[in-house]
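As C-alpha cells, the structure follows; a few thoughts come after it.
The values are calculated or read from the model by the stated rules, or taken from the named source; none is laboratory data. Just so you know, these numbers come straight off a predicted model, no measurement behind them. Neighbour counts run over all protein chains shown; Cβ positions are idealised from the backbone, glycine included. The accessibility values were calculated without ligands, DNA or RNA, using every heavy atom of the protein model including side chains. Shrake-Rupley method; radii C 1.70, N 1.55, O 1.52, S 1.80 Å.
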Amino acid sequence: MLKHLIETFGCNQPFAISEITYKDYSQIWIYKSVAELCKKGEIVHLDRGVYYIPKKNKYGIVPFDPMKIIEKKYIQDGENVMGYFAGRYLQHLLGIFKGTPNTIEIYTNNETKRARTVNVGGKRLYLHTARTKIDKFNAPVLCFLELMNGIDVETLDEYKRKLISDYIAENRITQKQITKYISFFPDKTCRNLIESEVIYRVPQ
C-alpha cells in the first residue's frame, strides 16, 4: 500500500484520502490501511482527510511545507482552481508590500462562512467565502480586483504601478473582464482603480 501511495502521490505532497484507489479494495479497507501507516509513522495526518508521505534524506526527515496543503485545500488542486490570495499577503507575493504578513488572507469556494480564522501547519489563515464562484478562468481578474480593493492608493509609486501592470499583462486581464466582475466588489475598488490610474493600464 505504501509503495502504491508513493508512486501515486510522491513524497512531501499532500493528498486526500478520498483520492486513494487501490485495486478493487473497499474504502473501509483503505481507511484502515492509512490509519496503520500513520501509527507506524510512514505517512502523516495533516488535516481532516489530508495526509502526506514524509521525504527522507541522509540527515533525516525533510520538513514539510504547509503552504502545499494550504494551496491544495483553498487555492488550486490540479486543474481545479477554487481560490486566490488577498490582502497584505497578495501584496507581499507581488512585491508591493515588503514585510511578511502574520496572516495569510484567502478568498475561496471551500469556505462557507463569511470570514473566519484558522491555523494550518502553523500558518494563520483568514478565510473568506468567495464573492462569486471562482474558477481558473476568472481567478486572475478577481485576484486583481481584490488587490485594488485593498491597496492604499497614496502609497503607490511608479515602481509599484509597474508591478501591478506586469500582473495585468501576465494574466491578460482586460477592461471587459473588469466590467463583468466589478459589481461583486465594494465601490472602493472602482474608486481605487481610477484614482491610482491603474485602470488606464488595462487593455480593452
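Numbers below:
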quantity	calculated
Computed accessible area, D152, all protein chains, 1.4 angstrom probe, square angstrom	80 Å²
Separation of the A35 and D187 label points, Cα + 7 Å toward Cβ, nm	5.7 nm
nm² value of the averaged projected area, convex hull over the Cα atoms of the range 33-136	8.7 nm²
Chymotrypsin sites (Phe, Trp or Tyr not before Pro) restricted to DSSP loop in the range 6-76 with at most 15 other C-beta within 10 Å	Y22, Y25, Y59
Amide hydrogen neighbours beyond the local backbone of V81, cut-off 5 Å, H modeled	K136
Centroid-to-centroid separation of the range 4-26 and the range 185-204 [C-alpha atoms, Å]	45 Å
Computed over the chain, Kirkwood Rh from alpha-carbon pairs, angstrom	19.1 Å
Potential extension, Y22-R131 segment - 0.36 nm per residue separation minus Cα distance	35.4 nm
Within the range 169-193, backbone nitrogen closer than 14 Å to the virtual label 7 Å beyond the Cα of R161 toward Cβ	193
FRET efficiency, 1/(1 + (r/R0)^6) with R0 35 Å, evaluated for Y200 and N80 via beta carbons	0.55
Net charge contributed by nearby residues that have their C-beta within less than 12 Å of Y167 (K/R +1, D/E -1)	+2
Cross-link pairs K133/K188; K23/K58; K68/K98 - those with Cα-Cα distance over 30 Å	K23/K58
Relative contact order (percent, whole number), the chain, Cα cutoff 8 Å, 6+ residue spacing	14 percent
Mean ellipticity per residue at 222 nm, deg cm²/dmol - from DSSP H runs of n ≥ 4 across the chain, formula -39500 (n - 2.57)	-10500 deg cm²/dmol
Tilt relative to the chain, helix 27-40 - C-alpha long axis, 0 to 90 degrees, to 10	90 degrees
Sparse-neighbourhood loop sites, chymotrypsin sites (Phe, Trp or Tyr not before Pro) in the range 121-184 - DSSP loop, at most 11 other Cβ within 10 angstrom	F137
Part-to-part distance (alpha-carbon centres) for the range 52-75 and the range 89-137, which is given in Å	20 Å
Helix axis angle, 139-150 relative to the chain longest principal axis, alpha carbon, degrees	60 degrees
